[in-house]
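Presented below is the structure to which this report refers.
The values are calculated or read from the model by the stated rules, or taken from the named source; none is laboratory data. These numbers come from a predicted model, not from an experiment. In this analysis, Cβ positions are derived from the backbone assuming ideal geometry, glycine residues included, and neighbour counts consider all displayed protein chains.
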There are 2 protein chains.
Amino acid sequence: MTDPVRAGANPERAVLSVNSRFYAAFEAGDLDAMEEVWVSRGHAVCIHPGWSPVVGVSAVRRSWAVVMANTPYIQFILTDVSVSVLGDVASVTCTENVLAAGEGSPTEGFAGGKAVTTNVFRRSTDGWRLWIHHASPVLSGEESDRDGE
Amino acid sequence: MTDPVRAGANPERAVLSVNSRFYAAFEAGDLDAMEEVWVSRGHAVCIHPGWSPVVGVSAVRRSWAVVMANTPYIQFILTDVSVSVLGDVASVTCTENVLAAGEGSPTEGFAGGKAVTTNVFRRSTDGWRLWIHHASPVLSGEESDRDGE
């Protein structure tokens, strides 16, 4: 697979490509692919909807093993995607429109639900990697408010 | 007030100082102080617990006016504070232990509740400013999991 970072694509596109790989890995239940999306060492934070923060690369990996084991089926349609790149850090905020079949406790998905997510990426020699993932359920029926930019 | 960024303090301390000013502004219901904590233009994202994302400096300012108008009293005790600085961007994740008296719809606070927050700051000529605030309710009783780092 061509890495868009190395291929010299613009950074927004490169970041959105990794963002897509994150959701593809989750939908496929592919823990190895998920691991490749994340930073490989040091500080990392993952907040699954309704969870307390999971901090550190190893703890984040463990949390995904648990979430995937309890998610037989999940599908995402992303809306309100907003990307911003600042040097070697980039943020993507989006609304996750989720179709899921879950078992046990609430995890990343809930049938027909909606979550909002902040994904923060850092660029390293490996390209853009996920540094912080914070997903939370949307309780209100309001649409997102945004500047007319 | 001495700005710790200009005084040459270490970046983690400078970031935590701005993080504290964010919560102080919220507790005081001081919209001007809140505005000073945030980036002054361009891209900014604020996700209040249970809300859809509010995107853009003006929309974020409006959202705080609404939240403060509906929060006669709120107090935060922060735990699990984790700070990480990467060049001109820094993240703080923390658990907000909230005491609040609210009116109307759920906002940033709920009596005796808990939220987890990701605050991402960027450094500019104005010092560290809040770029992304994502707060979400904690639904599970689990403690946070973290690497033994």
Filter result for A:THR117 (modelled with pLDDT of 85 or more and within 15 Å of the chain's Cα centre (by Cα)): yes
Subset tally (residues that are touching a His at 6+ places or on another chain (Cβ under 9 Å) and either among the aliphatic types (A, V, I, L, M) or at pLDDT 95 or above (or both)) for region A:49-63: 5
The lone exception for B:GLY42 - which of (1) at pLDDT below 95; (2) closer than 25 Å to A:PRO49 by Cα it fails: (2)
Scope region B:18-43; condition among the acidic types (Asp, Glu) and under 24 Å from A:LEU86 (Cα atoms); matching residues: B:GLU35, B:GLU36
Selection from region A:76-104 of residues that are among the polar types (S, T, N, Q) and more than 9 Å from chain B (Cβ to nearest Cβ): A:THR79, A:ASN97
Residues that are crowded, with 18+ Cβ neighbours inside 10 Å, more than 13 Å from the chain's Cα centre (by Cα) and touching a residue at least 24 places away in the same chain (Cβ under 8 Å), drawn from region B:84-95: B:VAL85, B:VAL89
Residue count, region B:22-75 (criterion: surrounded by fewer than 19 Cβ atoms within 10 Å (Cβ to Cβ), within 14 Å of chain A (Cβ to nearest Cβ), aliphatic (A, V, I, L, M) and in a helix (DSSP H, G or I)): 3
Answer from B:VAL98, B:VAL92 - the residue that is in a strand (DSSP E or B) and at pLDDT 95 or above: B:VAL92
Residues being surrounded by fewer than 23 Cβ atoms within 10 Å (Cβ to Cβ) and aromatic (Phe, Trp, Tyr) - total across region B:116-131: 0
